[in-house]
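No value in this document is a laboratory result; all are computed from the given coordinates. Quick caveat, the model's predicted, so the values are computed rather than measured. Here the Cβ is made from the backbone with ideal geometry for all residues, glycine too, and neighbour counts use every protein chain on show.
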Amino acid sequence: MSLISLADLGWSAAREGAFAVHAAAGLVPGRVVLEHNHVFRVRTAEGEILAESAGRMKHRAEGRQALPVVGDWVAVRIDRVGTRSQIREVLPRVTWFSRKVAGRETEEQIVAANVDVVFIVFGLDMHVKPNAIERYLVLARRSGATPVVVLNKSDLVDDAGAAREEADVAAAGVAVHLISTRTGAGLTELETYFAPGRTVALLGPSGAGKSSIVNRLVGEELLPTGEVRDWDSRGRHTSVHRQLVSRARGGLLIDTPGMRELQLWDTDVADAFDDIAALAAGCRFRDCLHDREPGCAVKAAVDAGTLDDGRYASFIKLQAEQVDMEKRRDERALTEAKRAGKIGSKALKALQKERQKSGQDS
Ligand code: GDP
Ligand code: ZN
């Protein structure tokens, strides 16, 4: 029944070893391929199952971080009598992408896990700014995945070589590939990053061509799983779009909405500018913005010529952007809360009831 093995999904001897304790408890390993409203589609050696996360996991103190996400390896108690299977544990993640969620307190929300390689995709229909490359590289590196820069739409520019050279400098040793999903140029280079069990994800500005790349790399060659239909709550047939797909040609691809929403402002400015962060340790004030504050070691370095003033300028700009973004995000959260308030107590009660019910089920 199972057309792909766990090894094809990235299962390894190390994971097997770590899983021994769960196996002893009667749980089976699986990888999360889709998440939808706290119901997870999990690929196991016995095929794909729907599972929900166990109640005690939902309410654990670690909050969202403890919940399974696409790409996670999990320990599942498979139910054999007709009720829903349960995810009992999330195995330690090797790499993960996360974003900060504004709320009462800023929370880290993990959007994808166990990604080995991340394609940072740009479209050459726009000038690819070196600092955009730098910033996405910071995001990628923080995840633990190996970054690769992909310059798409090479068919649209006369001098793609020059764009590539400029990107090479910013990428500072990271591989840069020039491709076109339109003509197919360079796609075989991307194939080299796929191998059985290896997981690739895509990151980059909207419109860069990520969907087109996924289509090219996966296309019609999605592995048949024997079960490609699902039923929605009204009993209608809906097709299942997995967010982690196995390629017939080998390797896996993660394409989640969460990854798409990952934007530069999720990166702390300080991460992208660790040289400035180091200098900031010498500022008189701990909350120095390195703008007009007295005793600023960063400004002093600019004046002394030891910190490039162009780099300083982009730091100030990025910092302002981030502050602005956070403000807007907080405003949005507030509007949403207000709107939710307007919907009224009826909707809230229904929601609470639903929550209670799922709590009892698990
Ligand atoms: P995404 O937002 O990153 O997923 O980008 P899409 O894959 O949706 O592509 C955005 C637009 O760029 C679409 O209109 C695509 O047809 C177009 N596009 C994608 N790849 C190429 C390419 O290699 N060359 C050209 N000329 N257009 C492309
Ligand atoms: Zn300062």
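The table below lists the values:
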quantity: Proxy reagent accessibility, fewest Cβ within 10 Å first, across 259, 126; calculated: 126, 259
quantity: Sorted by Cβ neighbour density within 10 Å, fewest at the top, the residues 154, 212; calculated: 212, 154
quantity: Size-normalised alpha-carbon gyration radius of region 162-213, reference 2.2 N^0.38 Å; calculated: 1.23
quantity: Ascending count of other beta-carbon atoms within 10 Å, so fewest first, for 119, 315; calculated: 315, 119
quantity: q = 0.17, 0.23 Å⁻¹, region 80-173: log10 I(q)/I(0) [Debye, one scatterer per Cα]; calculated: -0.84, -1.14
quantity: In order through region 277-283: 3J(HN,Hα) via Karplus (6.51 cos²θ - 1.76 cosθ + 1.60), integer Hz, x for Gly, Pro; calculated: 4, 5, 4, 4, 4, x, 6
quantity: Highest to lowest packing among 175-188, 243-256, scored as the average C-beta count within 10 Å; calculated: 243-256, 175-188
